[in-house]
Amino acid sequence: MVTATSARPRPRIRQTQLFIGGQWVPARSGKTFVTVNPATEEPIADVAEGDAADVEAAVRAAREAFDNGPWPRLDARARGRLIHRLCDLIEEEIDELAALESLDNGKPVSDARLGDIPLALDCLRYYAGWADKIHGQTIPINGNYFCYTRREPVGVAGQIIPWNFPILMVAWKWGPALAAGCTIVMKPAEQTPLTCLRLARLAQKAGIPDGVINVVPGFGPTAGAAIVKHPGIDKVAFTGSGETAQIIMKQAADQLKRLTFELGGKSPNIVFADADLDAAAVGAHVGIYLNQGQCCCAGSRLFVEDSIHDAFVERVVAGSRKRRVGDPFDPATEQGPQVDKAQFDKIMGYIEAGKREGATCATGGKRVGERGFFIEPTVFTGVTDGMSIARDEIFGPVLSVFRFADVEELVRRANATSFGLAAAVWTRDVARAHDVARRLRAGTVWVNCYDVFDAAAPFGGFKQSGFGRELGERGLEPYLETKTVTVSLAPPGGR
Ligand code: ADP
């Protein structure tokens with residue numbers, strides 16, 4: 001079902017410049033780029049286009065704030081309070097932020113309002129609570145010494161984020177960095193810079209000192225690469241594609257820069273015949289269609305046990321046909337447009353490849369409407385393991401369905417991918433659930449659920465889905481150094 005598209009309501013766009021050292025400034029080059037509404041293909045705003053010169057200024061501000069500013073020296077609890085204050089300000093304008101997110105990204109405004117932003121608040125508040133709970137240990141080493149560790153902030157964090165969850169990715173990155181006492185140079189994705197800039201303004205209003213958070217919108221090979229290469233940046237946290245991560249890793253090698261990567265996936269969503277099939281059908285949809293399929297952990301490979309395959313697929317297909325695709329500002333909309341033309345073209349290319357390589361397009365496969373980057377919820381059956389739609393991350397509403405007969409074969413095929421971000425298992429058999437969960441090579445395994453995220457639960461990839469973890473206590477680690485202090489207890493002159 002298709003609903004008409006429109007650009008209403010139009011949230012105010014107040015920040016379009018770079019945010020450096022607490023000042024809103026144009027790019028030194030004077031350049032701007034256009035951010036586009038993916039539902040209408042109309043321009044939303046011109047945004048300052050940062051490059052290496054602007055990153056230089058941002059790093060200088062972040063360095064000054066870290067090396068000489070109050071932030072890392074502030075009472076830890078006071079840092080936590082400022083993060084809480086930022087959350088209060090986000091809550092005060094949650095409707096407007098949701099509208100801005102929807103306008104820039106295309107996701108249904110209700111998803112942003114009820115999903116992304118509450119999760120972002122939860123994450124920031126969770127890490128606000130950590131600020132005064134980060135401490136070292138005393139260690140009983142041999143000899144007459146007092147030995148202890150200190151957990152110190154790693155320094156200036158360069159943070160490069162994607163366009164699929166702009167606000168949430170800001171929270172995942174700022175939360176642990178701020179709690180640890182780091183300062184930040186962030187580059188939002190070129191497709192979706194607006195909410196990150198708005199959040200920077202709110203951080204300033206909350207009283208987070210100038211220079212602690214700096215935001216440089218711009219493109220990857222210019223602004224992004226400058227962050228990666230700058231010697232004043234101590235650590236880079238990146239969420240995006242594996243190809244970009246490889247470039248970043250090479251560029252960071254000279255300085256042995258600390259890196260954390262959250263990359264792509266081709267996650268198996270496994271349905272056994274004994275599962276609650278109503279719940280599993282919903283889970284199959286959530287797995288692939290959440291956020292227009294633009295999730296790194298999308299359950300894009302649906303494995304269905306032989307005996308229920310046909311009936312279950314029928315259900316998934318029927319549900320797919322009913323999904324409401326259209327105007328992200330219509331409260332009834334379940335699926336908005338893909339984020340931009342490049343993603344739209346890439347997904348349509350994979351749909352064509354699926355057909356060409358012999359899979360059956362059971363539903364969908366076409367563009368919706370003539371304006372905006374809308375794609376029908378699409379299900380391919382008869383997919384074999386070698387096809388490109390079975391192997392590559394499509395990052396769109398395209399599900400590939402596989403049939404399996406036994407558990408050994410299933411585990412082998414589910415793991416036969418270079419990715420390892422997430423997986424799900426649907427079964428009523430508790431032993432089998434835990435057994436398969438143990439054998440799947442993935443950073444997150446959901447049992448009888450999908451896409452359940454919590455700020456306290458670590459998230460990240462095995463294999464080429466990345467390294468390091470975000471969220472939870474593990475998510476703090478990349479923003480901390482451990483310093484060991486060893487003190488001789490011998491009296492002066494008595495050694
Ligand atoms: P996607 O394909 O999902 O857009 P990318 O990896 O291209 O994923 O983009 C994720 C983020 O990485 C964006 O903010 C983008 O601008 C940035 N980026 C892209 N190329 C580079 C690069 N060479 N160096 C640093 N950042 C980059």
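The values are calculated or read from the model by the stated rules, or taken from the named source; none is laboratory data. Values in this document were obtained by computation on a predicted structure and should not be read as measured data. Don't worry about glycine lacking a Cβ; one is built from the backbone with ideal geometry, like all the others, and counts go over all protein chains shown.
What are the residues in segment 352-363 that are crowded, with 21+ Cβ neighbours inside 10 Å and of a type in the set (D, E, K, R), if any? Correct list: empty. Against the numbered list (1) farther than 25 Å from PHE419 by Cβ; (2) in contact (Cβ under 8 Å) with a residue 40 or more places away in the chain; (3) more than 10 Å from the ligand (Cβ to nearest atom), LEU302 comes up short only at (1).
The criterion of being part of a loop (DSSP other than H, G, I, E, B), within 16 Å of the ligand (Cβ to nearest atom) and under 15 Å from ALA39 (Cα atoms) holds for PRO337. Scanning segment 252-285 for residues that are among the small types (Gly, Ala, Ser) and assigned to a loop (DSSP other than H, G, I, E, B) yields GLY264, GLY265, SER267, ALA273, ALA275.
Does any residue of segment 311-328 turn out to be out of contact with any Pro (no Cβ under 9 Å at 6 or more places or on another chain) and closer than 24 Å to GLY461 by Cα? Looking for residues that are out of contact with any Pro (no Cβ under 9 Å at 6 or more places or on another chain) and closer than 24 Å to GLY461 by Cα, one finds none in segment 311-328, hence no.
In segment 391-407, the residues that are free of Cβ contacts under 8 Å to residues at least 24 places away in the same chain never reach a residue that is of a type outside the set (S, T, N, Q) and part of a strand (DSSP E or B) with C-beta atoms less than 8 angstrom apart, at least six apart or across chains.
Checking each residue in segment 165-200 for being surrounded by 24 or more Cβ atoms within 10 Å (Cβ to Cβ), polar (S, T, N, Q) and within 12 Å of the ligand (Cβ to nearest atom) picks out only THR192. For segment 212-230, a residue qualifies if it is within 11 Å of the ligand (Cβ to nearest atom) and crowded, with 24+ Cβ neighbours inside 10 Å, and the qualifying residues are VAL216, PRO217, GLY218, ALA223, GLY224, ALA226, ILE227, VAL228.
Within the set GLY240, GLY264, GLY220, GLY232, the sole residue that is small (Gly, Ala, Ser), touching a Ser or Thr at 6+ places or on another chain (Cβ under 9 Å) and under 14 Å from GLN159 (Cα atoms) turns out to be GLY220. For segment 364-392, a tally of residues being assigned to a loop (DSSP other than H, G, I, E, B), touching a helix residue (DSSP H, G or I) at 6+ places or on another chain (Cβ under 9 Å) and surrounded by fewer than 18 Cβ atoms within 10 Å (Cβ to Cβ) returns 4.
Reported count of residues in segment 326-342, each being in contact (Cβ under 8 Å) with a residue 12 or more places away in the chain, under 23 Å from the mean Cα position of the chain (by Cα) and surrounded by fewer than 24 Cβ atoms within 10 Å (Cβ to Cβ), is 4. Residues in segment 449-463: is at least one closer than 19 Å to GLY293 by Cα and basic (Lys, Arg)? No: segment 449-463 contains no residue that is closer than 19 Å to GLY293 by Cα and basic (Lys, Arg). Filtering segment 261-282 to residues that are within 27 Å of ILE394 (Cβ to Cβ), away from the ligand (no atom under 12 Å from the Cβ) and of a type in the set (D, E, K, R) leaves LYS266, ASP278. Restricting ILE141, ILE117 to residues that are touching a strand residue (DSSP E or B) at 6+ places or on another chain (Cβ under 8 Å), more than 16 Å from the ligand (Cβ to nearest atom) and β-branched (Val, Ile, Thr) narrows the list to ILE141.
All conditions but one from (1) more than 30 Å from VAL55 (Cα to Cα); (2) surrounded by fewer than 21 Cβ atoms within 10 Å (Cβ to Cβ) apply to ASP111; the one that does not is (2).
In this entry, ILE160 passes the filter for residues that are within 14 Å of the ligand (Cβ to nearest atom) and under 30 Å from PRO43 (Cα atoms). Among the residues of segment 313-323, is any at pLDDT 95 or above, of a type in the set (Gly, Ala, Ser) and within 29 Å of THR192 (Cα to Cα)? Yes, that holds for at least one residue. Scanning segment 142-157 for any residue that is under 25 Å from ALA27 (Cα atoms), in contact (Cβ under 8 Å) with a residue 40 or more places away in the chain and assigned to a helix (DSSP H, G or I) turns up nothing.
Residues that are under 20 Å from ALA171 (Cα atoms) and buried (at least 22 other Cβ atoms within 10 Å of the Cβ) were ranked within segment 236-260; the one that is nearest to the ligand (Cβ to nearest atom) is GLY240.
None of SER488, SER418 is within 22 Å of the chain's Cα centre (by Cα) and surrounded by fewer than 15 Cβ atoms within 10 Å (Cβ to Cβ) except SER418.
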